[in-house]
1. I need a count of the residues in the stretch 1-43 that are among the aliphatic types (A, V, I, L, M), part of a helix (DSSP H, G or I) and surrounded by fewer than 16 Cβ atoms within 10 Å (Cβ to Cβ).
2. Which condition does TRP47 not pass, out of (1) out of contact with any Ser or Thr (no Cβ under 9 Å at 6 or more places or on another chain); (2) crowded, with 22+ Cβ neighbours inside 10 Å; (3) among the aromatic types (Phe, Trp, Tyr), if it passes all the others?
3. Across the stretch 189-218, which residue is modelled with the lowest pLDDT among those that are open to solvent by less than 70 Å² (accessible area, probe 1.4 Å) and in a loop (DSSP other than H, G, I, E, B)?
4. Looking at THR163 and the list (1) within 30 Å of PRO28 (Cα to Cα); (2) in contact with a strand residue (DSSP E or B) (Cβ under 7 Å, 6 or more places away or on another chain); (3) of a type outside the set (Phe, Trp, Tyr), which single condition is not satisfied?
5. What are the pairs, 6+ residues apart or on separate chains, where a residue within the stretch 147-169 that is closer than 15 Å to ALA195 by Cβ and free of Cβ contacts under 8 Å to residues at least 40 places away in the same chain has its Cβ under 6 Å from a residue that is in a helix (DSSP H, G or I) and open to solvent by 80 Å² or more (accessible area, probe 1.4 Å)?
Amino acid sequence: MTSYNTVYQGGNGEIEEKKSRFIANVFPVETEEEAARIIEETKKKYWDARHNCYAFVLGAGGEITRCSDDGEPSGTAGRPILEVLTRKKLCNILVIVTRYFGGTLLGTGGLVRAYSQATQAGLDASRLICKEPGHIITVDTDYNGAGKLQYVAAKLQAAVLDTVYTEAVQMKLVAGDELCRQLVREITEATAGRASVQVSGQQIYFAQTDQGVQLFEG
């Protein structure tokens, strides 16, 4: 598993070029089937538009890429959309740019710029995140060790998922492999081995969002 940039919440943006409207819609997707369904739904929504061009990137490493000019001159629409996504190293994302023709031909260069700018406008209106692979760490300690545990977590800037205070203290954190090993080592040292530290065997993805730390399966 490797970290990758993706869309957490899609959005839409629009630009106008010589009276042609370019409307970009951004979606999180994980399969080609899901992308195909959204593309068909978008074409139905914008049934009166001249073109619905798109590009998508699938897989944490961007293993699958597809793009379509949907009737625009070859290489002037789908490819520019895709290049914006790959340049930003975005994965599991679909962008559809709908064009309402304004009556003036833009030429090859004008189309490339317009589709690129529309894609960027759509991304600017979306919430993008970096998903990182990691493990959940569960630490049980007594109240004497709680302050030391909080100090280590703050010092290493570890993402804290939850802290429960009962007759003892349990803190759950999430961290990537390297930080995970450092956390285990420093928590053990800080509490003189009195804290119980358990690392989940299953690797998951996590990301910092405006709602805090979020966990993902993929």
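1. Taking the stretch 1-43 first, the residues among the aliphatic types (A, V, I, L, M) are 1, 7, 15, 23-24, 26, 29, 35-36, 38-39.
Restricting the remaining residues to those that are part of a helix (DSSP H, G or I) gives 35-36, 38-39.
From what's left, surrounded by fewer than 16 Cβ atoms within 10 Å (Cβ to Cβ): 36.
Of the residues in the stretch 1-43, 1 are among the aliphatic types (A, V, I, L, M), part of a helix (DSSP H, G or I) and surrounded by fewer than 16 Cβ atoms within 10 Å (Cβ to Cβ).
2. It is condition (2) that TRP47 fails.
3. GLY218
4. Status for THR163: all satisfied but (1).
5. none
The values are calculated or read from the model by the stated rules, or taken from the named source; none is laboratory data. Here the structure is a predicted model, which is why all the values come from computation and not from measurement. Note that we place each Cβ from the backbone using ideal geometry, even for glycine, and neighbour counts take in every protein chain shown. Accessible surface is based on the protein model in full, side chains and every heavy atom, while ligands, DNA and RNA are left aside. Shrake-Rupley method; radii C 1.70, N 1.55, O 1.52, S 1.80 Å.
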